Amino acid sequence: MWKLSMAVGVGIGYVLGARAGRQRYEQISKAARQIAQNPRVQDAADKARHQAGAVAGKAAGAVADRVGERLPNAVTDRVALFHRQQAADDSWGTVRG
């Protein structure tokens, strides 16, 4: 019985959506573009993207520090995060990183 109800609901939604048509789609699309192009929205998105990258970097570093030594070489050779180079002392007494 629920399958029949689902099919009827989908059918009604399709008919009503088709009646709204392309014009309503264009209205919704235009409103979404205006919101996305708002400088405040772009600024907030940039801040969120930057913060997410910083948090992800810290988390990846913590995971690499904790489990990096325990993972097999087959894994660490394929993941760039585990290829940390140690600072090397050159012949002039300076440290290169």
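Hey, any hits in the stretch 16-24 for a residue that's at pLDDT below 75 and either surrounded by 10 or more Cβ atoms within 10 Å (Cβ to Cβ) or in a loop (DSSP other than H, G, I, E, B) (or both)? For the stretch 16-24, residues at pLDDT below 75 and either surrounded by 10 or more Cβ atoms within 10 Å (Cβ to Cβ) or in a loop (DSSP other than H, G, I, E, B) (or both): present.
For the stretch 36-53, enumerate the residues that are of a type outside the set (Lys, Arg), assigned to a helix (DSSP H, G or I) and loosely packed, with under 10 Cβ neighbours inside 10 Å.
Of everything in the stretch 36-53, just one residue is of a type outside the set (Lys, Arg), assigned to a helix (DSSP H, G or I) and loosely packed, with under 10 Cβ neighbours inside 10 Å, namely PRO39.
The values are calculated or read from the model by the stated rules, or taken from the named source; none is laboratory data. Note that the coordinates shown come from a computational prediction; the quantities given were computed from them, not determined experimentally. Please note: Cβ atoms are built from the backbone with ideal geometry, for glycine as well, and neighbour counts cover all protein chains shown.
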